[in-house]
1. In this structure, is Asn129 of a type outside the set (A, V, I, L, M, F, W, C), modelled with pLDDT of 90 or more and either touching a His at 6+ places or on another chain (Cβ under 8 Å) or closer than 15 Å to Tyr257 by Cβ (or both)?
2. Output yes when any residue across the stretch 304-312 is part of a loop (DSSP other than H, G, I, E, B), of a type in the set (A, V, I, L, M, F, W, C) and not assigned by TED's automatic domain parsing to the domain that holds Ser130, and no when none is.
3. Please go through the stretch 196-220 and pick out each residue that is under 25 Å from the mean Cα position of the chain (by Cα) and either at pLDDT 85 or above or in a helix (DSSP H, G or I) (or both).
4. Take Glu285 and tell me if it is touching a residue at least 60 places away in the same chain (Cβ under 8 Å), surrounded by fewer than 20 Cβ atoms within 10 Å (Cβ to Cβ) and within 30 Å of Lys2 (Cβ to Cβ).
5. Taking Val316 and the conditions (1) among the aliphatic types (A, V, I, L, M); (2) exposed (fewer than 15 other Cβ atoms within 10 Å of the Cβ); (3) touching a residue at least 40 places away in the same chain (Cβ under 8 Å), which numbered condition does it fall short on, given that it satisfies the others?
6. So, Thr224, is that one surrounded by 23 or more Cβ atoms within 10 Å (Cβ to Cβ) and in contact with a strand residue (DSSP E or B) (Cβ under 8 Å, 6 or more places away or on another chain) or not?
7. Out of (1) in contact with a helix residue (DSSP H, G or I) (Cβ under 8 Å, 6 or more places away or on another chain); (2) within 15 Å of Glu190 (Cα to Cα), the odd one out for Lys222 is which?
8. Give Asp249, Asp240 a once-over and let me know the one that is assigned by TED's automatic domain parsing to the domain that holds Asp200, free of Cβ contacts under 8 Å to residues at least 60 places away in the same chain and either crowded, with 24+ Cβ neighbours inside 10 Å or farther than 19 Å from Phe327 by Cβ (or both).
Amino acid sequence: MKVLLIAPSINPITYKGLGRYCKEIYNGLRKLIDADLIIKTVEMDKALSTYTEIPLRILKAGKHDIVHALTPEMGVYTPLLCQNAVTTFHDLIPILESGHMRFKFPHLINMHTRFTWWLSGRAKRIIANSTQTKQELTQVLGIRTEKIGVIPLGVHQRFKPAENPRIHRPPTIGFFGNFTYRKGADAAIETFRQVREKVDVQLTLAGGRIQTPYQRHFNLNKMTEGLKGVKTIEHVPEKDLPKLYQSFDVMLCPSSYEGFGLPILEAQKCGVPVLTMDNARIPLEVKKETVVCKSVKDMANRTIDLLMNDHLRREVSERGRRYASQFTWENTIRKTLEVYNRILLDPN
């Protein structure tokens with residue numbers, strides 16, 4: 001089997017969770033099959049390279065049994081150029097969450113995304129990373145349910161509890177994600193503010209500012225002005241992520257929408273309790289063992305409970321660790337290969 005993978009990047013620094021997915025898929029598949037890879041020459045030049053460079057490189061790549069676009073923007077032309085095209089969809093955030101993303105041109109971006117992702121959805125098979133994404137693809141883009149397969153992401157084996165886990169003094173509340181409104185960085189800061197009124201704690205904000213020309217910027221400095229005990233980390237190297245999670249006593253994930261939410265499982269596998277919001281659009285299979293909160297005030301109260309009650313924290317930690325251990329990249333690779341094989345066995 002010869003497969004051509006198309007990715008915007010395999011660099012987790014630039015593309016965060018998407019970059020990690022592309023990297024794991026490529027590294028895993030090339031150990032088992034003949035897998036070639038096309039990535040954009042300029043990572044952040046999305047529109048120009050996607051609609052000019054990528055189609056030409058697909059044509060120059062020659063004959064492949066399967067052509068798999070690892071993100072929908074990479075699959076705009078593959079259904080037209082390739083007989084056995086596969087597209088992976090990770091979320092419908094630009095369409096469904098343009099308000100929380102604070103786009104400067106929300107209607108234009110929404111229309112553009114709907115059209116281009118509809119084109120990507122014409123591939124022979126679609127991979128969705130969650131049951132939530134599968135449902136949204138059917139409801140929003142009209143993609144037939146029967147051609148969508150759900151393949152969850154995996155958690156690497158390097159994510160594990162610290163050798164000598166113990167609560168830090170003062171305790172550390174963690175947040176890992178882009179400093180944006182959708183990720184809920186503002187809600188994490190307000191939660192910390194309320195917790196700090198009752199408990200001596202510190203806050204680590206890690207993940208970095210997102211710099212895009214089409215999204216309004218999040219003023220982190222203004223939101224943390226006057227707050228003591230706040231530590232900001234712009235970028236965390238991939239190899240240091242386990243150590244980051246291990247430095248948290250609890251992790252806040254007040255995001256309004258996640259196509260998957262890989263940091264939730266990674267933190268849980270490191271033994272860290274994770275708190276989420278009940279009205280957040282996060283896949284149930286990822287959110288299942290989190291502490292679900294009704295509001296920022298509720299998140300603050302539950303954070304205090306976890307920090308002050310050792311038995312409760314250990315119980316939540318162990319449930320999350322066991323659950324997150326079920327998600328492996330080996331399963332993701334195996335199920336992806338099953339999709340390829342079904343296409344080749346049943347070309348219709």
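The values are calculated or read from the model by the stated rules, or taken from the named source; none is laboratory data. Bear in mind the structure is a predicted one, so any value in this text is a computation, not a measurement. Positions of Cβ are generated from backbone atoms using ideal geometry, with glycine treated the same way; all protein chains shown enter the neighbour counts.
1. yes
2. Going through the stretch 304-312, the residues part of a loop (DSSP other than H, G, I, E, B) turn out to be 309.
Checking which are of a type in the set (A, V, I, L, M, F, W, C) leaves us with none.
No, every residue in the stretch 304-312 fails to be part of a loop (DSSP other than H, G, I, E, B), of a type in the set (A, V, I, L, M, F, W, C) and not assigned by TED's automatic domain parsing to the domain that holds Ser130.
3. Taking the stretch 196-220 and keeping what is under 25 Å from the mean Cα position of the chain (by Cα), we get 203-220.
Answer for the stretch 196-220, where residues must be under 25 Å from the mean Cα position of the chain (by Cα) and either at pLDDT 85 or above or in a helix (DSSP H, G or I) (or both): Leu203, Thr204, Leu205, Ala206, Gly207, Leu220.
4. no
5. Failing condition for Val316: (2).
6. Answer is no for this residue.
7. Tallying (1) in contact with a helix residue (DSSP H, G or I) (Cβ under 8 Å, 6 or more places away or on another chain); (2) within 15 Å of Glu190 (Cα to Cα), Lys222 fails exactly one: (1).
8. Asp240
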